[in-house]
Every structure is written in C-alpha cells, then in structure tokens.
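Participant: Okay, handing you the structure first.
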Amino acid sequence: MKKTVSFLIIISMLLSSVLLLIPVGAASEGTPISSEAEFLAMNAGGNYYLTRDITLGSSYSSDFSGSLDGRGHKITLGGVSSAFKSIVGGSISNLDLSVNYSASGSSDMGALAAVASGSFENINATVNYSVSSGAGTFKHALGGIIGRINGKSSIKNCTASGELSVNTTPRSSSIRYGIGGIVGIIAEAGDVRITDCINNAKV
C-alpha cells in the first residue's frame, strides 16, 4: 500500500513539472498552417498561424472573420488575384505577399483581399497587376494590399511595391472605382485608419 501511494505521489509530481514547462497561452496561439490545402480549409472564424511559405492557386472563398499570423512567412499567389476573396472583421498580421496577375474583366482585387474590413498590421505586398476592361465597363477596386475596404478597419505598418496597371475607359462617375498602392477604395464611410504605411508601387 505504501509503495502504491509513493508511486502515485511521484507520478503527480512529474505531471506537475510537465505542466509548468508549458508556456502560458500556448494553447491559444491557434492552429498551424503549412500548405495550400490547410489554408483553404480554414474555419472562417478560427485562429491560425503560418509555419512556412505557401503558394496559392485558389483564393480563400468564405468570409474570413478569424485571425492569421503570418509569422514573417510569404504567400505567393499563382494565377489568382487575392489570397482572400472577403475578410469581414478579421485580423491579419506579419505576412508577406507576392502576386503577378494579368487579366481582363472587372472585379475587386488586392494581394491580401479583394474586399475586407478588420485589423491588418505588418503586411508587405510585392505586386504586379495588369488589368484591362472594355470601354465603359471599368468598376475595379484594385489595391496593392486590399482592393476595397468595406467597413471599420485599421491598416498599420504595411508596405506595397511593384506596379498596378489598368487599361480601360472609365465607367460613369456614379460608379465607385479606384486604384491605390495600399487600398484601391474605401467604399463605406466609417472608422478607417491607415497609419505608418508606405507605398512604393507604381500606379
């Protein structure tokens, strides 16, 4: 009986020691992402972080409202204009992006997201967009990082470099369209703050 009690005490002490070695907050840092498949399968409201550089051949198609910490890794877009089609109140940080995209037609585009609202910090985008539209059909929002801001947002410490080019005859002035190195257009009035950002992209 004494041996059994002693054994249980030792096991308890060992378990306590292991628990002390686990960093506080380790369980809340999120789910690791290491591939395109894992990126595209993210839960729209989940918390994630990149463990390596990845290449995307498709955009994340749901309205993303969670968080993604790039941890300094890069997402390269291969044949797709934006990493996310839509971010709604999400948080993206510490991420590099690279895109080389040429197309005709009319849609919102940005290396991080076509349309977005939320918090965006320490994002660096290297872009080469070449877009063309027929006469009178241009309604793009084209931005180096985000095409169209659509709600309360904070963009901080972000940079864009490269080139954004549109070849078209603009549509009626009643249609909102725009091109910008960081953001193409802010579509809704509201609390939108862009601070400490640098645009080196040719527009």
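The values are calculated or read from the model by the stated rules, or taken from the named source; none is laboratory data. Predicted model only: the values in this text are computed from it and were never measured. Neighbour counts run over all protein chains shown; Cβ positions are idealised from the backbone, glycine included. All accessible areas refer to the heavy atoms of the entire protein, side chains included, with ligands and DNA or RNA removed. Shrake-Rupley method; radii C 1.70, N 1.55, O 1.52, S 1.80 Å.
Participant: Would the stretch 131-145 turn up any residue that is open to solvent by less than 50 Å² (accessible area, probe 1.4 Å), modelled with pLDDT of 95 or more and hydrophobic (A, V, I, L, M, F, W, C)?
Facilitator: Taking every residue of the stretch 131-145 in turn, at least one turns out to be open to solvent by less than 50 Å² (accessible area, probe 1.4 Å), modelled with pLDDT of 95 or more and hydrophobic (A, V, I, L, M, F, W, C).
Participant: Shifting gears a bit: Go through the stretch 174-202 and report how many residues are modelled with pLDDT of 90 or more, β-branched (Val, Ile, Thr) and assigned to a loop (DSSP other than H, G, I, E, B).
Facilitator: Residues flagged as modelled with pLDDT of 90 or more, β-branched (Val, Ile, Thr) and assigned to a loop (DSSP other than H, G, I, E, B) within the stretch 174-202 amount to 1.
Participant: Now, a different point. Assuming residue 155 fulfils every condition listed in (1) crowded, with 18+ Cβ neighbours inside 10 Å; (2) in contact (Cβ under 8 Å) with a residue 60 or more places away in the chain apart from one, which condition is it?
Facilitator: Among (1) crowded, with 18+ Cβ neighbours inside 10 Å; (2) in contact (Cβ under 8 Å) with a residue 60 or more places away in the chain, residue 155 violates only (2).
Participant: So, in the stretch 35-91, exactly how many residues are open to solvent by less than 10 Å² (accessible area, probe 1.4 Å) and not hydrophobic (A, V, I, L, M, F, W, C)?
Facilitator: Adding up the residues that qualify gives 5.
Participant: For residue 107, are the conditions met, namely being farther than 20 Å from residue 160 by Cβ, out of contact with any helix residue (DSSP H, G or I) (no Cβ under 8 Å at 6 or more places or on another chain) and open to solvent by 30 Å² or more (accessible area, probe 1.4 Å)? Give the derivation first.
Facilitator: Values: farther than 20 Å from residue 160 by Cβ: no; out of contact with any helix residue (DSSP H, G or I) (no Cβ under 8 Å at 6 or more places or on another chain): yes; open to solvent by 30 Å² or more (accessible area, probe 1.4 Å): yes.
Answer is no for this residue.
Participant: Just for the stretch 94-121: of the residues that are at pLDDT below 95 and not in a strand (DSSP E or B), which one is farthest from residue 133 (Cα to Cα)?
Facilitator: Within the stretch 94-121, the match that is farthest from residue 133 (Cα to Cα) is 108.
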